[in-house]
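Trainee: First the structure, then my questions, so here it is.
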């Protein structure tokens, strides 16, 4: 006899007994044999029909005795019962921890950190600013992070309209785009952070619509929206006021589409699905007005760019050399830093310090003070002059003169710098050039007077309300930012400036020039005083000389 402690086993036993009766009923019996039914299927006279087993209920619902079985089955059932009892004896918090560890193991195994390049802005950076409009799109959503938000749904109809215009212009079918982007779905999902609550069809549809919407703006800025089939009074695809807000949303870190998706979509339109690099050049043309310098894209390069859109085989303008971009924000950042500073390789004595700085990424606010403010540097004898270059970060210091390229500040500069800083903070294979520049300018600017003097030197040009707003902008940009000072070219430049300021002679000379040679009347007064001093000295000399030698 074997004890069965499972209702499921009881059910299987009952089914087996029923099948056995059915088989025995269909097998012919010999004359001397006894059966519950005869050949005609009637009940035997020698045996009364048994009641149906389904109607029999055991005395104990969880304990049933059956004939046959083996000791192995009994031992396995006892072990399972013991394990289940042990689990039930564990406290609830232990069970909860086991479940969370199992979920963490699944998340870690499924993660693909190497391909991650479109991040959510860290909460420390996001909450450090009163307004989150610098990180949250206000007009159009691109990608899954802000997909479906209520205040962005008005632009969805224009996305469908742009996709329809592309299909009408290229005489292609929508299935071609959906199928081609569907092949890139897994690779595209790996570019985003965290799980994406979209089905496969929804995700592919979103990539196609958002990507085609972006490409229409890129091509319209490089060529003309009228050439693409849009009317001059189109509410979106025209050079109107909404263009600036869309432009600002498209450069945000959380509002990006992988560049390889845009390359594939543009390649399908022009008949070259495997083309690379053209989208990056179109993006530079579109985002050129956001560049914080007064050097626009040169006309010769613009003509090459327009011709490359029409004739893919031509040699287009390529400011990125041979670099590969991740998304539009990365492409724009690389264009800002073209021919950027290349730090000299560390010596053997500095290798350990470099490794230590890479291993311990902790923000040290004491070391972020690179340089003194403009007012202090002026008193120490440092002069400020504008450097003529289109690379706003290319600052030089020679012979007591700090050469700073001109910087244009408008209402979109804050959002641009914040998203560039957030990308440099999140992406491992990204430098900190923009972050170091902003921190350098933050050190230089402590008050509206500093901004006013840089504006007087033609270094800063802003379209904000006052100099105080510019000072506050820089003072709040790098809150809660991790900064590796050893990897910054501007940190070495700051050391040169600080060494220059430590010489007392430079301070004395600067004080003399500031107090006595700051305007023509002061210069005349100084020379008059010197002349009177010389006359008084000569009169005294001749008086003394005449006394001893009359």
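The values are calculated or read from the model by the stated rules, or taken from the named source; none is laboratory data. No experiment lies behind these values; they were computed from the predicted model shown. Every residue, glycine as well, gets a Cβ built from its backbone with ideal geometry; the counts of neighbours run over all protein chains shown.
Trainee: Output the residue which, of all residues in the stretch 236-246 that are part of a helix (DSSP H, G or I) and within 12 Å of residue 220 (Cβ to Cβ), is farthest from the chain's Cα centre (by Cα).
Mentor: Here the answer is 243.
Trainee: Having 3 or more residues that are closer than 16 Å to residue 337 by Cα and outside the structural domain of residue 389 (by TED's automatic domain parsing) is the bar; report the helices (runs of 4 or more DSSP H) wholly within the stretch 406-480 that clear it.
Mentor: none
Trainee: Right, another one. Surrounded by fewer than 14 Cβ atoms within 10 Å (Cβ to Cβ), at pLDDT below 90 and outside any loop (DSSP other than H, G, I, E, B): is that true of residue 233 in this structure?
Mentor: So residue 233 does not fit the description; no.
Trainee: May I pose another question? May I ask you to list the residues in the stretch 367-396 that are outside any loop (DSSP other than H, G, I, E, B), over 15 Å from residue 442 (Cβ atoms), modelled with pLDDT under 90 and out of contact with any strand residue (DSSP E or B) (no Cβ under 6 Å at 6 or more places or on another chain)?
Mentor: Of everything in the stretch 367-396, those that are outside any loop (DSSP other than H, G, I, E, B), over 15 Å from residue 442 (Cβ atoms), modelled with pLDDT under 90 and out of contact with any strand residue (DSSP E or B) (no Cβ under 6 Å at 6 or more places or on another chain) turn out to be 378, 379.
Trainee: Among the numbered criteria (1) closer than 11 Å to residue 214 by Cα; (2) assigned to a helix (DSSP H, G or I), which single criterion is violated by residue 257?
Mentor: (2)
Trainee: Separate question: At pLDDT 90 or above, closer than 23 Å to residue 250 by Cα and in contact with a helix residue (DSSP H, G or I) (Cβ under 9 Å, 6 or more places away or on another chain): does that describe residue 452?
Mentor: No; evaluated as a whole, the condition is false for this residue.
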